[in-house]
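What follows is a short report on a single structure.
The values are calculated or read from the model by the stated rules, or taken from the named source; none is laboratory data. If you're wondering where the values come from, they're calculated on a predicted model, not measured in any experiment. So basically every Cβ, Gly included, is an ideal-geometry build from the backbone, and we count neighbours across all protein chains shown. Heavy atoms of the whole protein, side chains included, go into the accessibility calculation; ligands, DNA and RNA do not. Shrake-Rupley method; radii C 1.70, N 1.55, O 1.52, S 1.80 Å.
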Amino acid sequence: MKTTAYISSTSLPGSPVIHENPLPYFRDRKYDFQLKSDGSLLSEHLENAGKNLTFRVLPYKMQDKYYRKRDICSVKTAVLENDIITATFLPDFGGKLYSLYNKRDKRELLFKNPVLQPANLALRNAWTSGGIEWNIGRTGHTYHTCAPVFFQKCKDINGEMFLRMFEYDRCEGLCFSVEFRLPKGSDALFARVKIMNSRDEDVPMYWWTNIAVRETADMRILAATDKVIFQNPKGGFGFGKMPYLDSVPNKDASFPSIYNYSSEYFFQIPETVEYPWEVAVYPSKNWIFAEYSTSELKYRKMFTWGTHQGGKKWRDFLSDPGKGGYVEIQAGIARTQLHGLIMPANAVWTFTQAFTSVNADSKSICDMEYQKASDAVANLFKREIPEFAPESPESVNHPEYISTGSGWGALEQRRRKIRGDSPLPIDFPEFSIGNGELSWLNLLINGNLPDNTSSFMIDAGDSDWLTMLEKDSKNGSKESLVHLGVMYYENGMMKEAVSAWEKSLPHALAYRNLSLVEKQSNNTVKSIDLMEKAVQLNSSDAYKSEYADLLIKSGEYEKCWQLLNILAEDAMDRLWLYRAQCAWHTKRYSELEKMFGREYSCIREGETSLTDLWFMWAEKTGQQNRTNPPSNIDFRTY
């Protein structure tokens, strides 16, 4: 059978509706952070550690409101299929490879999550587990992980079908694409990644491919080296040699099941390895999942949630109880996910990955000493990246879109054309421009930013949005003043931001942003007063949440309780968490007990706010069980 590509759908239980927070979340004022070492890291391991990897999300908005109630939902898929493999992607969820099914062996190669459940683990909050995702931008799960991206169905000059995924990264003003190929008769899926910096300046760069594979109690992880940087629970990161690490003394760390806490390590594969690789070995199944790549994608990682209650809780929380077990094997361009790189101006980076499976006597491999096992695996499967035929002229001239991403690339393309600048390296379709982009298109063409503009800009990509806003603000536009302040503040121009926001008053977002400024200066009383003015103009959940946070931190629990006493069932999780804290401090213990019975969707990985309250409540009210909080509120990772 020739390779085919087509659009389809799948039905599964899920909660796919994800709401954006309307407020801008500003970047960490420190661009770098210090990577903590346990003393064993070498000098080369510390180079670029923590560089340009602190929190940054603008111009994207947080995706922090979603639910636990699941319904059967229909989810759009893009499918690439040959006679052996069926690869199924989710275009509306970052192009995630949802399933990689080997028809010959009747085997799913990935952890295929039976549900679609967002949780708070990504850069923008919302994230779903399972499959393979393509992480570009900054440390963590990408900005696009719960957002639509473009998919095209293409043909090469031999008439072979393939899929192309692409998007515009608004944070750094970059373009990236991934071509997915399934040659006829191949049992491997190939993904050719292309990252394009068309700016005239260097930019921070990050890439990690995140692969979720099914977890079993006897599985083993092997790679093309035994040298790793590992997370040491005693403090910081260390450098060691597999399989025995200081993090798990006297245990073989290549078996994820030996960890009773969440942990990870990064394989430091040497330059001499032509095709870096990593595998998951399944001894009771007699097969191996294998991933390998060209040398540009040099490093590998293993992550496990661990066997403790918190780890089991997170696996179940992201899936169904007992069905969410997975281990992550990952591939990246830097030593660890806490190391940054700089991409030169006008550079193009490319690399290719392959995903496949191998039938083998995997039990024997798991019984071997680590290095012998690694050598045995290396000889089991042929690692090579074929030369793919170029795209046909027909595909280039008449691309067939089967899914549409954001309109921000098209907007930047329009801006460049009007200014006479060189075009983006990817041609984004004009029909992708939607409501979020239209306000800025109006500013570009007509010179004014409409009221109630709900999206943000940060002036990335050598653009001139800042100049346009300054010009419009001088014509008396309060909306431009507010957004100008956002742009100033994100780029470290604090005084200019405050001045712009003060000139735009009364405006809910300006009051909120000025409140943040006062909060950062520890002017609590003034911060609360400004936030109260913001809430009077806009009483949405996002504004209420920040107001409640201020009231609690200043000890005004009764006032906060009055704010949150009556909440809609679908109110933001954070509001219910603040309500629980107020209930404790105002001795409304029966109300607090009710809130322990709720399902919470947006708890951050490792957050203990609810369990801390539960332990205090259990002690105060004389509960018999004072050591095991209900599983629905336990999000600890230790």
* Structure fact -> Taking D549, D105, D427 and ranking on accessible area (1.4 Å, protein atoms only), highest first, one gets D427, D105, D549
* Which residue, chosen from L550, N491, A583, occupies the Cα position most advanced towards the positive end of the dipole of segment 446-602, where the dipole is computed from +1 (Lys, Arg) and -1 (Asp, Glu) charges on Cβ about the Cα centre? -> A583
* **In sequence order, calculated HN-Hα J values of segment 558-568 (Karplus, 6.51, -1.76, 1.60; Hz; x Gly/Pro)** => 5, 4, 5, 4, 5, 5, 10, 4, 10, 10, 5
* Give me the percent of the accessible area of the chain that comes from carbon and sulfur atoms, probe 1.4 Å, all protein chains in place. => 48 percent
* Plugging the Kirkwood radius over Cα pairs into Stokes-Einstein for segment 75-117, at a temperature of 10 °C and a viscosity of 1.306 mPa s, what D comes out in µm²/s? -> 147 µm²/s
* Where the centroid of each part is defined by its Cα atoms, how far is segment 118-183 from segment 414-485 in Å? -> 25 Å
* Structure fact -> If each part is reduced to its alpha-carbon centroid, segment 285-353 and segment 561-597 end up apart, in Å, by 37 Å
* Which value, in Å² rounded to 10, gives the accessible area of H398 with a 1.4 Å probe and all protein chains present? -> 140 Å²
* Dipole of segment 308-367, Cα-centred, from +1 at each Lys and Arg C-beta and -1 at each Asp and Glu C-beta, to the nearest 20 debye? -> 180 debye
* Please go through segment 563-596 and write out the GluC sites (Glu not before Pro) that DSSP classes as loop and that have at most 11 other C-beta atoms within 10 Å. => E569
* How would I566, I603 line up by accessible area, probe 1.4 Å, largest first? -> I566, I603
* Asked: Based on Cβ point charges of +1 for Lys and Arg and -1 for Asp and Glu, what charge dipole magnitude is obtained for segment 391-469 about its Cα centre, in debye rounded to the nearest 20?
  -> 240 debye
* Asked: Hey, how many Å between the Cα centroid of segment 187-220 and the Cα centroid of segment 255-276?
  -> 15 Å
* To do: Can you list which of the trypsin sites (Lys or Arg not before Pro) found in segment 544-605 are DSSP loop residues with at most 14 other C-beta atoms within 10 Å?
  => K587
* Would you please give the residues with an amide H less than 5 Å from that of H141, counting only those at least 5 places away or on a separate chain, with H modeled from the backbone geometry? => L123
* **Interchain or long-range residues, amide H under 5 Å from D202's placed H** => A345
* Which of the GluC sites (Glu not before Pro) found in segment 279-382 are loop residues per DSSP with 14 or fewer other Cβ atoms within 10 Å of their Cβ? -> E296, E369
* How would you classify segment 598-638 from its alpha-carbon gyration tensor, with a ≥ b ≥ c the square roots of the eigenvalues: rounded for a/c under 1.5, else prolate if a/b is greater than b/c, otherwise oblate? -> prolate
* Asked: Under unit Cβ charges (Lys, Arg +1; Asp, Glu -1), what dipole magnitude, rounded to 20 debye, does the chain have relative to its Cα centre?
  -> 1100 debye
* Structure fact -> For segment 2-56, the Cα gyration tensor yields equivalent-ellipsoid semi-axes (√(5λ), largest first, whole Å) of 40, 23, 13
* To do: Please calculate the 1.4 Å probe accessible area of H308, with all protein chains present, and give it to the nearest 10 Å².
  => 20 Å²
* Structure fact -> Taking the dipole of the chain about the Cα centre (Lys, Arg +1; Asp, Glu -1; charges at Cβ), the one of S395, V377, A618 that reaches farthest to the positive side is A618
* Asked: So how long is each side of segment 1-140 along the principal axes, counting just the alpha-carbon atoms, biggest first, in Å?
  -> 52, 40, 24
* Options Q353, V273, W305, ranked by Cα towards positive dipole end of segment 261-355, top entry (Cβ charges) -> W305
* Structure fact -> Given backbone amide H placed at 1.01 Å from N, residues whose amide H is under 5 Å from that of W287, ignoring those fewer than 5 places away on the same chain, are Y282, A360, S362
* If you take the Cα atoms of the chain, find Rg, then find the Kirkwood Rh from the mean of 1/r over all pairs, what is Rg/Rh? -> 0.97
* Residue-wise HN-Hα coupling along segment 320-325, computed from phi with Karplus coefficients 6.51, -1.76, 1.60 (Hz; x: Gly, Pro) -> 10, x, x, 10, x, x
* **Contact order relative to length of the chain, as percent, for alpha carbon pairs under 8 angstrom and 6 or more apart** => 13 percent
* To do: Set the Förster radius R0 to 22 Å, insert the Cβ-Cβ distance between S454 and E430 as r into 1/(1 + (r/R0)^6), and round the FRET efficiency to 0.05.
  => 0.55
* **Per-residue [θ]222 nm for the chain (sum of -39500 (n - 2.57) over DSSP H runs n ≥ 4, rounded to 500)** => -8000 deg cm²/dmol
